[in-house]
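Below is one structure, written out as structure tokens; comments come after it.
The values are calculated or read from the model by the stated rules, or taken from the named source; none is laboratory data. Because the structure is predicted, anything quoted here is derived from the model rather than measured. Glycine gets a Cβ as well: all are built from the backbone with ideal geometry, and neighbour counts include every protein chain shown.
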Amino acid sequence: MAADLRVFTCLSDNFGYLVHDPDTGATASIDAPEAGPIIKALEAEGWKLTDILITHHHGDHVGGVAELKARYGCRVVAPHDKSAKIANVDQRVANADVVKIGKLLARVVETPGHTLDHISYIFDNDKAVFAADTLFSIGCGRVFEGNAPMMWDSLLKLRALPDDFRLYCGHEYTAANVRFALSIDPDNAALKARAEEVARLRADNRPTIPVLLGDEKKANVFLRADDPQVAARLHMKGASGAEVFGELRERKNKS
Ligand SMILES: [Zn+2]
């Protein structure tokens, strides 16, 4: 059976995600920004937490791990990382490893740049991509530990996934991302359509996630850094995708 997913808010603008296997009852939390909302979401469904899949070491992604592990005795899966910044880990994973949540399968893709340890979890059978702070809707994460070519390479890995996969990212930043993207890419019809959709959803206080990866590929300027039209808008004709991406990221940092 297909995975049963829940989306909710943690902290101020982090997303909480539960992925539940109806066949076995296994339930994973993707990251654990804080325990309270995750426990509430579990109890609303009568689910018991069996696994936490961590994407990277930042506090707003691991802050609830210790409390959830103490409460549920769940397995904690985290990126392979020599510096071992993440505590309470049972299993370390690296590129192409597959994690089982009951009968559900999550494939690990290393997506460094935001942090060096950042991984994304791809549920191929369920067409779901948990990209945390690598790829946001109409944006991408800040490049804190890596560099622009590394981050661009990570975005290309996610862009290579099929159009009918759904993106579940780490933060509700979509409205601000739309404002920036329109300043670079004002004639993009897909972006304008997404801008209207986002305005509607946020007016109703609803999440802008998930979003189809196919739509994101057309509307997200950071995924279009190798499009000559985007390079031209930045007066960077002939520059590489990584160079244009780096310039976009710099401009967004200052926006
Ligand atoms: Zn982060």
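Structural remarks
- Summed over the stretch 175-233, the residues that are in a helix (DSSP H, G or I) and closer than 23 Å to residue 134 by Cβ give a count of 31.
- Taking the listed residues 192, 127, the one that is more than 16 Å from the ligand (Cβ to nearest atom), basic (Lys, Arg) and within 18 Å of residue 224 (Cβ to Cβ) is 192, with no other qualifying.
- Residue pairs whose Cβ atoms lie under 6 Å apart, sitting 6 or more positions apart in sequence or on different chains, and linking a residue in the stretch 41-56 that is at negative phi to a partner that is among the aromatic types (Phe, Trp, Tyr) and more than 16 Å from the ligand (Cβ to nearest atom), are 41/8; 49/72.
- Just one of the listed residues (181, 148) is surrounded by 16 or more Cβ atoms within 10 Å (Cβ to Cβ) and under 25 Å from residue 9 (Cβ atoms), namely 181.
- Residue within the stretch 223-231 that is under 13 Å from residue 136 (Cα atoms) and buried (at least 18 other Cβ atoms within 10 Å of the Cβ) present: yes
- Flag for residue 44 being crowded, with 18+ Cβ neighbours inside 10 Å and more than 16 Å from the ligand (Cβ to nearest atom): no
- A Cβ distance below 6 Å, combined with a sequence gap of six or more or placement on separate chains, defines the contacts here; from the stretch 113-124, residues that are farther than 15 Å from residue 31 by Cα and within 11 Å of the ligand (Cβ to nearest atom) reach residues that are hydroxyl-bearing (Ser, Thr, Tyr) and assigned to a loop (DSSP other than H, G, I, E, B) in the pairs 114/134.
- Residue in the stretch 138-161 that is at pLDDT 95 or above, touching a Phe, Trp or Tyr at 6+ places or on another chain (Cβ under 7 Å) and either more than 16 Å from the ligand (Cβ to nearest atom) or part of a loop (DSSP other than H, G, I, E, B) (or both) present: yes
- Residue-level analysis places residue 7 among those that are in a strand (DSSP E or B), in contact with a Pro (Cβ under 9 Å, 6 or more places away or on another chain) and modelled with pLDDT of 95 or more.
- Test result for residue 93, surrounded by 15 or more Cβ atoms within 10 Å (Cβ to Cβ), more than 16 Å from the ligand (Cβ to nearest atom), under 13 Å from the mean Cα position of the chain (by Cα) and under 25 Å from residue 4 (Cα atoms): no
Quick grid of which residues meet (1) within 25 Å of residue 79 (Cβ to Cβ); (2) among the acidic types (Asp, Glu):
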| residue | (1), (2) |
| --- | --- |
| 120 | yes, no |
| 124 | yes, yes |
| 136 | yes, no |
| 139 | yes, no |
| 179 | no, no |
| 192 | no, no |
| 195 | no, no |
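- The conditions of being at pLDDT 95 or above, within 27 Å of residue 12 (Cβ to Cβ) and buried (at least 21 other Cβ atoms within 10 Å of the Cβ) are not met by residue 72.
- Residues of the stretch 57-68 that are in contact (Cβ under 8 Å) with a residue 12 or more places away in the chain and either within 16 Å of the ligand (Cβ to nearest atom) or among the charged types (D, E, K, R) (or both): 57, 58, 60, 61, 62, 63, 64, 65, 67.
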